[in-house]
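Working notes, structure below.
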Amino acid sequence: MSLHRTALVLMVPLTAMVFLSTGCASSIAKMSVDGMKPIMVDMRTAANRNPDVALVRDAMPAMLVQMDGFIRVSPENRYLLTSAAEANMGYAFLFVEDTDKARAEQLYAKARDYALRNLRLNRTFSDAWDQDDLDVFIHALKTIHKRDIKALYLMANSSLLWTGVTRSGESRALKDLPRIEAMMDRLYELDETFYYGGIHAMLGVYNCARPEMFGGRPEEARGHFQEAFEISGSRYLLWKFLYAKYYAVAVKDRELFAVTLNGILEAPDDILPDEAFANAAVKLKARELLLRTDEYFP
């Protein structure tokens, strides 16, 4: 589950704040927000390369609220919608889920809904989403092309994460699984290397999270994780973390669990400079997971 590039810190130009706070014409405010994309991209890159987890983590809640406001001004801005989906999903996974599943459920739902809003800008997809016919939905997915692969990836990923923590929407979670599977199939068709091989990591988790009697396939999951490692050069540490948490636990391999997590902790800090924040945050999660070894292997 990827993550994902989760750290997005946006610097708001003074002019944009003036437009938003003084009630100037909405069209002018929208032009201002839409024109900020180059700044947002540069700030996102800078945040992703920052290994100071506490600094970026503490900045993220304000940034999430800020992006909500930008989307109100420019509700069909594809970049903002995917960025907000990614940020809400990443923040929930890295910093919320382990301690507050109810809040994580809300953040994953928000991420899913932002990604869906992006995808629904495709009329064929939007019409199919409103129907109960799975075949119609699968056909509509063919109209999702590589331009929108990130939105589809975030939609599938945040939906899976939501199903993993939800208690209030269990019936919907079960109903959504066939559509999630169809989205994962389309992602695999579009580009299996996207996001450091993220679709393979997603399929690895999916095939481990369910018991074998309910369709879980741990050996197939292992193959997908190996593909994710190869595509990422084993430099994106989240895939190792998921391998330990899901595959090693599913096959009851305590030694693999420990070796994989310790491997994360021993990885060089500069193993993937463009994802310094994500890798540093995953190291913290790996350390916490190691302390809970006896919970997973009683």
Cα shape, segment 81-213, gyration tensor, a/c 1.5 rule: rounded
Cβ-derived FRET efficiency at R0 25 Å, residue 68 paired with residue 130, nearest 0.05: 0.55
Degrees between helix 254-266 axis and first principal axis of the chain (Cα, 0 to 90, nearest 10): 50
Label-to-label distance, nm, for residues given as residue 189 and residue 102 (7 Å Cα→Cβ offset): 4.1
Filtered trypsin sites (Lys or Arg not before Pro), segment 195-298: DSSP coil and at most 11 other beta carbons within 10 Å: 252, 292
Dipole in debye (nearest 20) - segment 103-161, about Cα centre, beta carbon charges: Lys, Arg +1; Asp, Glu -1: 460
Proximal lysines to residue 245, defined as alpha-carbon separation beneath 19 angstrom and excluding residues fewer than eight positions away on the same chain: 101, 283, 285
Spin-label pair residue 251/residue 290, simplified geometry with 7 Å Cα→Cβ offset, distance in nm: 2.2
Between segment 249-298 and segment 24-103, the alpha-carbon center distance in angstrom: 27
FRET efficiency, 1/(1 + (r/R0)^6) with R0 30 Å, evaluated for residue 49 and residue 27 via beta carbons: 0.30
Dipole magnitude (debye, nearest 20) for segment 19-150, charges at Cβ of Lys, Arg, Asp, Glu: 480
Per DSSP, loop trypsin sites (Lys or Arg not before Pro) in segment 88-180 with at most 13 further Cβ within 10 Å: 142, 167
Residue-averaged 222 nm ellipticity for the chain, from DSSP H runs of 4+ at -39500 (n - 2.57), nearest 500: -22000 deg cm²/dmol
Charge dipole (the chain, unit charges on Cβ, about Cα centre) - positive-most of 28, 89, 139: 28
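Just so you know, all these numbers are worked out from the coordinates, no wet-lab data involved. Predicted model only: the values in this text are computed from it and were never measured. Note: ideal-geometry Cβ built from the backbone for every residue, glycine included; neighbour counts use all protein chains shown.
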